[in-house]
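Asks: Handing you a structure now.
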Amino acid sequence: MMTLRPAFVRFFLFLAVVILSAPALPAREQKVRDVDINITLIKNGNIVVHERWDVDTGDGITEWYLVRGNLGDIEIERFSVYDGDNDKLQDVGEWDVNRSRAEKAGKYGIVHKADGVELCWGVGEYGDHVYHAIYVMTRAVKSLQDYDMMHLQVLSPGLSSPPEHVKVRVNRDEIQLDTTNTRIWGFGFAGRSAFEEDGTIVFESEGPLDTEDSVILLLRFDKGHFSSPSVQDRPFQEVLDQAMEGADFGSDEEKDPIATGIAFFFTSLFVWFAFLRPIFRIFRGIGGSDNKLKLAFKPSSVDWYRDIPLDGDLRMANYILTRSGNAPPAGGLPLAAVLRLIHNGCLRVNREAEGEAVLSFTDNNLDRVDAASRSLYSVLKQSSGKDNLLQDKEFSNWAKDHSRQVYDWSKRAKEEGVSALNQAGLYTPAKKTLTEAGQFEARRLFGLKSFLSKFTLVDQREAIEANLWKEYMVYGALFGLTDRVCKQLKDIDPSLFKEAFRYDLGDLDSVLSVGRSLSSTVTRAALRGAPSYSSGSGGSSSRSSSSSRGYGGSTSRSGGRGYSGGGRGGGGR
């Protein structure tokens, strides 16, 4: 039998003491470096969600999971998970959270709960991973009375490790999302939202999120872009009012003491020069011309133009007329939009038993009219009530309690006019001037105005198609020439006039009366200015900012109530 020497015994005893007395290695800390979520909207109201999680799993967990609760009629379909770009995990169906890390490795599944699901997968080896979770949410877009909308919580509060950075991109297949058809609001986190030039909407955090932060998206879409089977019998304003309770979008500008001092300095200069402005007007003759859109021609000297310029976009035409110092009459734009809606069959003129003319909403052919007309249609329909009939004074009475929607339409039409010109390559924002192509279209616009002001049409009966007659009426309203154009069109051939407009000559006065009444209400709201936002409590005085009105900008860490698809928790466990 071998006997250990005392020296060896002492060495092994010493080694055991060192090992046992050494401090334990600290557990790896879990970390979520980045969450990147891409949402693709489908025409049928479904959305495809692709979540990319860049994480350090830390130690002591067996799985990663996402909470998708409060689903209502939304269902989760086609769920799959990748560890890295190419390594797809195995679908095991119903997930067992009690299995070991080894049993969960390389697999994913779903835990079904009473109000939703948990999307789960095994973490595999501890350490750095980039997981891709891809799934479909059916009926995520809801069809409301006046708009369509998506209101989702896409990142839950109470995550095991709050993300250091979050970015959400939303796009629509085949259609560009911009301020002509969409409004956006972000809640639950401090960050920004924006419309990008390629038609993508982006929400992005401005710093690391806290444990109680979340990401809630509210998007409003004009009718006609989706055909979702999920219908809710309520107006969008009801959704927005609930989401806005307690919301605070702050300022759209960075608050910095140096910047504040500079702003104060230039504000003082502005006040000083504002008092001197009348003197400059007299002695230098510059008047406010810097704010005018300069034309390369005299509007009064252009040749007649008989077709429709600017692809029939009333917003662009209205912007050029207004900014060039040739402003259309008050109410010209809304009256033109109403006539276009009537002529395209979106609105129908009916007569009640007492002979009073009313408008009914058909929801037909909205894709044939421009964005300004479509958005006005939505406002008008919202005011008509459940009978879908807009009666005398109904809109004006409704507008007294909903002046913000009416004002926003008027202001939005102006803002979208310059945006549409820019996108069409007709305007240079940096110089605030029309491009050469823009000057060409502006010349055509004023050429049409000259034509409608002076033509007799006596020898041009065969040259003008019925559909063009309708557009002459629309642009006659925009130019303030409605009565003159109507008379000249009727003088050509009363039977052809009736065939073109599909209502009797006797109904013409009713059509114009209804249109002018609506236009007058819109104009009064625009002249009164933006009303303060009255719904909710605890908000800030900056709710008239572009953020709170859905044009992008700052997000609100509070508010957002009424969402679907969210819950609490998620991450590693």
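The values are calculated or read from the model by the stated rules, or taken from the named source; none is laboratory data. Note that the structure is predicted; figures quoted are calculated from it, not measured. Please note: Cβ atoms are built from the backbone with ideal geometry, for glycine as well, and neighbour counts cover all protein chains shown. Accessible surface is based on the protein model in full, side chains and every heavy atom, while ligands, DNA and RNA are left aside. Shrake-Rupley method; radii C 1.70, N 1.55, O 1.52, S 1.80 Å.
Asks: Identify, among TRP64, LEU41, ILE74, the residue whose Cα sits farthest towards the positive end of the charge dipole of region 23-77, taking +1 on the Cβ of Lys and Arg and -1 on the Cβ of Asp and Glu, with the dipole about the Cα centre.
Replies: LEU41
Asks: How far apart, in nanometres, would the label points at ALA437 and GLU77 be if each is projected 7 angstrom from Cα along the Cα-to-Cβ direction?
Replies: The two pseudo-label positions are separated by 4.0 nm.
Asks: First obtain the Kirkwood hydrodynamic radius of region 135-252 from its Cα pairs, then insert it into the Stokes-Einstein equation at 10 °C and 1.306 mPa s, and state the resulting D in µm² per second as a whole number.
Replies: Rounded, D is 104 µm²/s.
Asks: Amide H of ASP213 versus every other amide H placed in the peptide plane: which residues, excluding those fewer than 5 positions away on the same chain, fall under 5 Å?
Replies: Excluding prolines and chain starts, which carry no amide H, the hits are GLY158.
Asks: OK, next. Work out, step by step, the length gained on full extension between GLN423 and LYS113: first 0.36 nm times the residue separation, then minus their alpha carbon distance; give nm to one decimal. Show your work: numbers first, answer last.
Replies: Working: separation 310, 0.36 × 310 = 111.60 nm, distance 4.71 nm.
Residue separation times 0.36 nm, minus the Cα-Cα distance, leaves 106.9 nm.
Asks: Please find the FRET efficiency linking HIS50 to ASP387, where r is the Cβ-Cβ separation and R0 is fixed at 60 Å, and quote it to the nearest 0.05. Mind showing how you got there, number by number?
Replies: Numbers: r = 44 Å, r/R0 = 0.73.
Calculated value: 0.85.
Asks: Does region 39-186 come out rounded, prolate or oblate, given a ≥ b ≥ c as the square roots of the eigenvalues of its C-alpha gyration tensor, rounded meaning a/c under 1.5 and, failing that, prolate meaning a/b above b/c?
Replies: Numbers: a/c = 2.15, a/b = 1.80, b/c = 1.20.
Verdict is prolate for region 39-186.
Asks: Across region 363-376, in residue order, what do the Karplus-derived ³J(HN,Hα) couplings come to in whole Hz, using 6.51 cos²θ - 1.76 cosθ + 1.60 with θ = phi - 60° and x for Gly and Pro?
Replies: Ordered by residue, 3J(HN,Hα) equals 6, 9, 6, 5, 6, 8, 9, 6, 5, 5, 5, 5, 5, 5 Hz.
Asks: What's the magnitude of the charge dipole for region 65-165 around its Cα centre, counting Lys and Arg as +1 and Asp and Glu as -1 at the beta-carbon? Answer in Debye, nearest 20.
Replies: 180
Asks: Not counting ligands, DNA or RNA, and with a 1.4 Å probe, what is ASP233's accessible surface area in Å² rounded to the nearest 10?
Replies: ASP233 has an accessible surface of roughly 120 Å² with all protein chains in place.
Asks: Can you sort TYR475, TYR551, TYR126 by 1.4 Å-probe accessible area, starting with the largest?
Replies: Putting TYR475, TYR551, TYR126 in descending order of accessible area: TYR126, TYR551, TYR475.
Asks: Please list, ordered by chain and number, the residues whose modelled amide H lies under 5 Å from the amide H of ASP248; skip anything fewer than 5 residues away on the same chain.
Replies: ARG557, SER558
Asks: Here's a follow-up. Taking the highest mean first, how do the peptides 225-231, 44-50, 556-562 order by number of other beta carbon atoms within 10 angstrom per residue?
Replies: Values: 225-231: 17.1, 44-50: 18.7, 556-562: 21.1.
Packing proxy ranking, top to bottom: 556-562, 44-50, 225-231.
Asks: May I pose another question? Roughly how compact is region 109-186, stated as its Cα Rg over 2.2 N^0.38 Å to two decimals?
Replies: 1.43
Asks: Note down the nm distance, to one decimal, between modelled labels 7 Å out along Cα→Cβ at PHE297 and at ILE134.
Replies: It is 5.3 nm.
Asks: Given a cut-off of 25 Å, name the pairs among LYS381/LYS411; LYS43/LYS432; LYS298/LYS431; LYS104/LYS142; LYS411/LYS431 whose C-alpha atoms lie farther apart than that in the structure shown.
Replies: Listed pairs above 25 Å: LYS43/LYS432; LYS104/LYS142.
Asks: Something else about it: Whole-Hz Karplus ³J(HN,Hα) for region 207-216, in order, using 6.51 cos²θ - 1.76 cosθ + 1.60 and θ = phi - 60°, x for Gly and Pro?
Replies: Couplings: x, x, 7, 8, 4, 8, 6, 8, 10, 10 Hz.
Asks: Could I ask something else about it? What does the extension gain come out to for ASP91 and ASN70, with contour length at 0.36 nm per residue minus their alpha carbon separation?
Replies: Extra length from ASP91 to ASN70 when fully extended: 5.2 nm.
Asks: Students often check this: by mean Cβ neighbours within 10 Å, which of 163-173, 184-194, 420-430 ranks highest, and how do the rest follow? Show your work: numbers first, answer last.
Replies: On the way: 163-173: 19.0, 184-194: 23.0, 420-430: 16.5.
In descending order of packing, they fall as 184-194, 163-173, 420-430.
Asks: Keeping all protein chains in the complex and leaving out DNA, RNA and ligands, what accessible area do you get for MET244 with a 1.4 Å probe, in Å² to the nearest 10?
Replies: In the full protein context, MET244 sits at about 0 Å².
Asks: Amide H of ARG139 versus every other amide H placed in the peptide plane: which residues, excluding those fewer than 5 positions away on the same chain, fall under 5 Å?
Replies: The list, which skips near neighbours in sequence, is ASN46, ILE47.
Asks: Using θ = phi - 60° and the Karplus curve 6.51 cos²θ - 1.76 cosθ + 1.60, what whole-Hz ³J(HN,Hα) does each residue of region 419-434 get, with Gly and Pro shown as x?
Replies: Once θ is set to phi - 60°, the couplings for region 419-434 become 5, 5, 4, 5, 5, 7, x, 9, 8, 10, x, 4, 9, 6, 9, 6 Hz.
Asks: Could you compute the FRET efficiency for ARG101 and ALA430, with r as their C-beta to C-beta distance and R0 at 60 Å, rounded to 0.05?
Replies: 0.55
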